[in-house]
């Protein structure tokens, strides 16, 4: 059984979806949730699902404590599910091609620092985009930049608000994220 670590900063719906999905896997399991915000609801979700959680701050992330925790969990891959911090170079080097992120837009549009959650949906609506979607990609040294693994699209209607767009994106995330992660990780095994 290979250990996956989910990094999250917020409510944790994608983290919960990943935990539930991989609970039925014979190859992978979510061994822990790592969170940089001690008040984030994802920690309550992890506790309810019986998954250990680790909290940390920026100094822990960049100073080596998080790297040590990853080693302690015998981590195979890292999945970013609404994680809002840059991944430091030492972690990128330790897990090449094994750090996966989901972004709530069709990258390269609406990516980069500060482009997360409702900020993305508001920008999509303000620009009058006819469609948006999700991008699942590998993580590199830049925000929202690494190799794209998968995209799914949805229509943005002229009457849609940012909340409407968020609901459509949430459905795409729930439908595709765990399967795309699993497919990619199984491909690495070949």
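Every number here is computed from the coordinates shown, using simple stated rules; none is lab data. Note that the coordinates shown come from a computational prediction; the quantities given were computed from them, not determined experimentally. As a convention, Cβ positions derive from the backbone with ideal geometry for all residues, glycine included, and neighbour counts pool all protein chains shown.
Based on C-alpha pairs under 8 angstrom that are at least 6 apart in sequence, region 117-187 has a relative contact order of 33 percent. Report the FRET efficiency, 1/(1 + (r/R0)^6), for residue 57 and residue 148, where r is their Cβ-Cβ distance and R0 is 25 Å, rounded to 0.05. That gives a FRET efficiency of 0.25. Between 0 and 90 degrees, rounded to the nearest ten: what's the tilt of helix 13-22 against the longest Cα principal axis of the chain? Here the helix axis deviates by roughly 50 degrees.
Angle of helix 162-189 to the longest C-alpha principal axis of the chain, folded into 0 to 90 degrees and rounded to 10: 40°. Secondary-structure-derived ellipticity at 222 nm for the chain, considering helices only, amounts to -12000 deg cm²/dmol, per-run term -39500 (n - 2.57) for DSSP H runs with n ≥ 4. Taking 0.36 nm per residue of sequence separation and removing the Cα-Cα distance, the residue 27/residue 73 pair yields an extension gain of 15.0 nm. Once C-alpha pairs closer than 8 Å and six or more residues apart are averaged by separation and normalised to the residue number of region 1-96, the relative contact order reads 37 percent.
Taking 0.36 nm per residue of separation and subtracting the current Cα-Cα distance, fully stretching the chain between residue 155 and residue 131 would add 8.2 nm.
Roughly how tilted is helix 117-126, in degrees to the nearest 10 and between 0 and 90, from the longest Cα axis of the chain? Its long axis makes an angle of about 20 degrees. Arranged from fewest to most other beta-carbon atoms within 10 Å of their beta carbon, 76, 110 become 76, 110. Computed over the chain, relative contact order equals 19 percent, with contacts defined as Cα pairs under 8 Å that lie 6+ residues apart. For the pair residue 141 and residue 167, the difference between a 0.36 nm per residue extended length and the Cα-Cα distance amounts to 6.4 nm.
With neighbour counts taken as other beta-carbon atoms within 10 Å, the residues 154, 35 rank, fewest first, as 154, 35. Could you work out how far the C-alpha centroid of region 81-102 sits from that of region 163-190, in angstrom? About 17 Å separates the Cα centre of region 81-102 from the one of region 163-190. Reported to two decimal places, what Rg/Rh ratio describes region 1-114 when computed on Cα atoms with Rh from the Kirkwood expression? A ratio of 0.94.
The order of 79, 169, going from fewest to most other C-beta atoms within 10 Å of their C-beta, is 169, 79. What the Kirkwood sum gives for the chain is a hydrodynamic radius of 16.8 Å, with every pair of different alpha carbons counted.
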